[in-house]
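Data block below; observations after.
The values are calculated or read from the model by the stated rules, or taken from the named source; none is laboratory data. Bear in mind the structure is a predicted one, so any value in this text is a computation, not a measurement. Cβ sites come from the backbone with ideal geometry, for glycine too, and all protein chains shown count toward neighbours. For the accessible areas, the whole protein counts, side chains as well, though only heavy atoms, and no ligand, DNA or RNA atoms are used. Shrake-Rupley method; radii C 1.70, N 1.55, O 1.52, S 1.80 Å.
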Amino acid sequence: MGENLFLNKARVQVEFYMNENTFKERLKLFFIKNQRSSLRIRLFNFSLKLLSCLLYIIRVLLENPSQGNEWSHIFWVNRSLPLWGLQVSVALISLFETILLGYLSYKGNIWEQILRIPFILEIINAVPFIISIFWPSLRSLFVPVFLNCWLAKHALENMINDLHRAIQRTQSAMFNQVLILISTLLCLIFTCICGIQHLERIGKKLNLFDSLYFCIVTFSTVGFGDVTPETWSSKLFVVAMICVALVVLPIQFEQLAYLWMERQKSGGNYSRHRAQTEKHVVLCVSSLKIDLLMDFLNEFYAHPRLQDYYVVILCPTEMDVQVRRVLQIPMWSQRVIYLQGSALKDQDLLRAKMDDAEACFILSSRCEVDRTSSDHQTILRAWAVKDFAPNCPLYVQILKPENKFHIKFADHVVCEEEFKYAMLALNCICPATSTLITLLVHTSRGQEGQQSPEQWQKTYGRCSGNEVYHIVLEESTFFAEYEGKSFTYASFHAHKKFGVCLIGVRREDNKNILLNPGPRYIMNTTDVCFYINITKEENSAFKNQDQQRKNNVSRSFYHGPSRLPVHSIIASMGTVAIDLQDTSCRSGSGPTLSLPSEGSKEIRRPSIAPVLEVADTSSIQTCDLLSDQSEDESTPDEEISSNLEYAKGYPPYSPYIGSSPTFCHLLHEKVPFCCLRLDKSCQHNYYEDAKAYGFKNKLIIVAAETAGNGLYNFIVPLRAYYRPKKELNPIVLLLDNPLDDLLRCGVTFAANMVVVDKESTMSAEEDYMADAKTIVNVQTLFRLFSSLSIITELTHPANMRFMQFRAKDCYSLALSKLEKKEREKGSNLAFMFRLPFAAGRVFSISMLDTLLYQSFVKDYMISITRLLLGLDTTPGSGFLCSMKITEDDLWIRTYARLYQKLCSSTGDVPIGIYRTETQKLATSESQISISVEEWEDTKDTKEQGHHRSNHRNSTSSDQSDHPLLRRKSMQWARRLSRKGPKHSGKTAEKITQQRLNLYRRSERQELAELVKNRMKHLGLSTVGYDEMNDHQSTLSYILINPSPDTRLELNDVVYLIRPDPLSYLPNTEPSRRNSICNTTGQDSREETQL
């Protein structure tokens, strides 16, 4: 106890100080280091200097002009005693403060403190007043107190610096420089006024106003001459002040101009007042290119409610010349603000007023060689914005899927490789899915191509204006009447009456969107309906035409006893006028189509069943949804072997964090890695080429530089559980694509060739060259294997014009002119008429940037796109698939009847048509090369060939507009046939034939011989290559949500949203053989053939 008491007494409390605890350090802390106290001292000092200048003006105004011209009037003035007392007091306080601050800032060199200009001016203005205290005779001595204005200017600069430091905000260099310039100019004028007035006491005896007038006239270089100095001293003073002004002011203006140019580069600040009164969004990019900027602005401002928004661009690089030129256009200069800065700096985020922004878009630089590094920069930007403004909605674009989990907190995320590989995969099974998605996510008025002479371009351009919109059921004119009805009933009848395509719904209490939940889903008043239409319902004007009394007019368009409504949809500037058909009661059996008799040889098909308001369990063809047709049509032995080979389940391993689990076809056992090498045999098999494997289905070849994690999103859609096992295509990954490897992997009998090898060509020197390797590789494949279906993705949409490039193709040149015209009209889809894009052979992932931009207005667009592409799977939500129209299905005739057939039988909802128009020419005509134009005589230009198409278009039964290539080819063929007889001898005929053969066949024969020789050298059969046909004379395009009266044509591919098969699993699964499928005979086949 005593020992503890001794220890407690021995303890000593020690206090530690950050600064030296001396009187000088305490004064320094109060006068200099402390921000707020230092600011108060500066403000007090500034007030003292202004007070001294004011006292000088009062003395001049109170002084009576003395008579005479003696020099004594220069050195002595009349000063009253109270005024002298005030000036002495101000001088004492100012001198004491100056000495104290000099002492506190003393660092060992006293002359540095004494020779400072502010200290010298303080001595000149204060010491004479202090001396006059002890020598009363000096109280009338003239003291140039007006020089205190320069000390006031110095105090003002220090005060501004302390003010910015005290409120923790970065001062604006531009503001400081403007303040310095103005204060310098005022000090010069005030000094000149007081100096001239005082020196002219022995001359003209000017007052302060006359001095002010003289100074303004002199400094403005006007020089009226009515007021001039008389004494030599005042003249010398004016000369000195002009010299000072000529030296000081240009320096100030130069610094101001430099800061102004730097401000133009950096963009300055976004006003806090504007941020609080106006709405703005922030766009964060690592480098801003003109294409990205225009895509963002055109898509963002395409929505009417965003017209009053400001766009603040935050970019670390200097503004590009083209970007600067665009932002100077009045339409954009008033709404777009460019700030040079980094999103990782709070100061730059404060300049952009990120905490007040409505949204922040963070885009990755896809032109970087290292895409992972680009993603890392995007992640840091997203973290910085979230840390600075946690309530600001984030819209983030990421490149690689493995980096997506770092930004899961973002409100909306678009992963480029996920969408790219998913669209490439779906292009292999649903042709032109990439074009379908691109057109859906682009804002368009549907006016593209309407001035074109080609009918397909008009139809294609008009249907491209369809987009996805949403509306609450009870607020909708389209869907309100279908409350309590099934989803398929609402979708069919809404399309029949209004021409809109209902594709999905969302419950009020559920965030998940369901695409085509099927006929068992009952519509509720609070459901949010998602539909495809040319414009949203709020922008539509409805006209209910009660013209049933005039319906006696014959509708002989369809040449059948049934009457189908012909809907007129007139689109103009975002407003649609829709003619509503008669909604009177119909027969309970619904519209029934009686088929025309086609003779006793054909079996008459049943009519189309009505779409039921509430689904009947027995009416759902579960065989099409649950069963594999391959299993139904196979023998028992094949069925057993098939069941042993595949199983349905989730992939056991995920390639990256955040991948969505998908139910798909799996092998029962893991295949050894050695068996995955197609070109090398192993102990398990001896095959060395694709032909030896004997695949039943055609191959899908993927040519890539590396097998990245994004390939997972390519494989999963092709192995999805809802795809029949019979339709599963073998997938070959080709990491290097020389000709020998292409032939070994079975390119001659492949269904599709997907080319994605472009990452190694990324170059910062010229962004548009990023696609060079891909374009040349695709062109090589196109020339070697002309009928091969090649699908690829490019970085820049402008490079799509080089796909399948033909230098002298007149039709391609005509499409190029059409694209330029559409771009001049301001179209966002000027590239849509390029044949490879329209056919779904090529797309640009940069087109999907608009998907991120649209999410600001349509927050559901990313979810719907992911569901369509199979990237996400929601229980009860349907999936995208396709079916092909065959000759047996043409009895349906129109898209409206097809809609009814699908909704009443399988519950599928069609959303569009992929149409291919075959333009086959005769052999003698199609083989004529365009090179003939170089040597053919062009005198006879008036005669042209005419060729009529035998099949009808969707909106015209007689297609009279044909491509330029066909007309040119026929014209040249006739010229050649006419010129043939002019050669009289056999020699001339032989020469002509040789020349024709040279131009016709030389290049194609050389390429064919090259490929065949390599195949023979590798021991491969050339049978598949010999059977390849040239499909260069075909064109394909998409019709999104076509009108109900659109005619179906042979080989049309219909896009369907099919209900989720798992949502139809009954408690006791019925036998597939006894299902309702058998009631329609051959109506139900492996592809929902009708």
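A few points about this structure:
- Residue 489 in contact (Cβ under 8 Å) with a residue 60 or more places away in the chain and open to solvent by less than 10 Å² (accessible area, probe 1.4 Å): no
- Condition met for residue 253 (loosely packed, with under 15 Cβ neighbours inside 10 Å, of a type in the set (A, V, I, L, M, F, W, C) and in contact (Cβ under 8 Å) with a residue 12 or more places away in the chain): yes
- So residue 530, is it of a type in the set (A, V, I, L, M, F, W, C), surrounded by 18 or more Cβ atoms within 10 Å (Cβ to Cβ) and modelled with pLDDT of 50 or more: yes
- Per-region count, region 860-880, residues open to solvent by 20 Å² or more (accessible area, probe 1.4 Å) and over 27 Å from the mean Cα position of the chain (by Cα): 1
- Filtered residues of region 290-334 (kept if open to solvent by less than 30 Å² (accessible area, probe 1.4 Å) and acidic (Asp, Glu)): 299
- Residue within region 443-454 that is modelled with pLDDT of 90 or more and either within 24 Å of residue 858 (Cα to Cα) or buried (at least 23 other Cβ atoms within 10 Å of the Cβ) (or both) present: no
- Residue among 404, 400, 420 that alone is open to solvent by less than 10 Å² (accessible area, probe 1.4 Å), among the basic types (Lys, Arg) and either farther than 28 Å from residue 275 by Cβ or within 21 Å of the chain's Cα centre (by Cα) (or both): 420
- Selection count, region 139-187, where residues are farther than 25 Å from residue 34 by Cα, in contact with a Lys or Arg (Cβ under 6 Å, 6 or more places away or on another chain) and at pLDDT below 85: 2
- Candidates 664, 745: the one that is closer than 30 Å to residue 796 by Cα and in contact (Cβ under 8 Å) with a residue 24 or more places away in the chain is 745.
- Taking region 640-705 as the region of interest, none of the strands (runs of 3 or more DSSP E) fully inside it holds 3 or more residues being modelled with pLDDT under 75 and not aromatic (Phe, Trp, Tyr).
- With a requirement of 3 or more residues that are modelled with pLDDT of 85 or more, the helices (runs of 4 or more DSSP H) lying completely within region 197-309 that satisfy it span 208-219, 232-266, 290-300.
- Helices (runs of 4 or more DSSP H) fully within region 354-466 counting 2 or more residues that are basic (Lys, Arg): 371-388, 455-463
- Checking residue 769 against (1) open to solvent by 10 Å² or more (accessible area, probe 1.4 Å); (2) touching a Leu at 6+ places or on another chain (Cβ under 9 Å); (3) at pLDDT below 80; (4) aliphatic (A, V, I, L, M), the condition it does not meet: (2)
- Odd one out for residue 374, checked against (1) touching a helix residue (DSSP H, G or I) at 6+ places or on another chain (Cβ under 6 Å); (2) of a type in the set (Ser, Thr, Tyr); (3) open to solvent by less than 20 Å² (accessible area, probe 1.4 Å): (1)
- For region 407-417, the set of residues classified as open to solvent by 20 Å² or more (accessible area, probe 1.4 Å) and touching a Pro at 6+ places or on another chain (Cβ under 9 Å) consists of 411, 412, listed by residue number.
- Within region 390-411, residues that are closer than 21 Å to residue 346 by Cα reach partners that are buried (at least 19 other Cβ atoms within 10 Å of the Cβ) and polar (S, T, N, Q) with beta carbons closer than 7 Å, at six or more positions or on different chains, in the pairs 395/855; 396/378.
- Annotation: of all residues in region 497-513 being open to solvent by 30 Å² or more (accessible area, probe 1.4 Å) and touching a residue at least 40 places away in the same chain (Cβ under 8 Å), the one that is farthest from residue 903 (Cα to Cα) is 512.
- Check on residue 814, closer than 22 Å to residue 291 by Cα, open to solvent by 10 Å² or more (accessible area, probe 1.4 Å) and not polar (S, T, N, Q): no
- Residues (within 22 Å of residue 717 (Cβ to Cβ) and open to solvent by 50 Å² or more (accessible area, probe 1.4 Å)) located in region 664-692: 667, 668, 670, 671, 676
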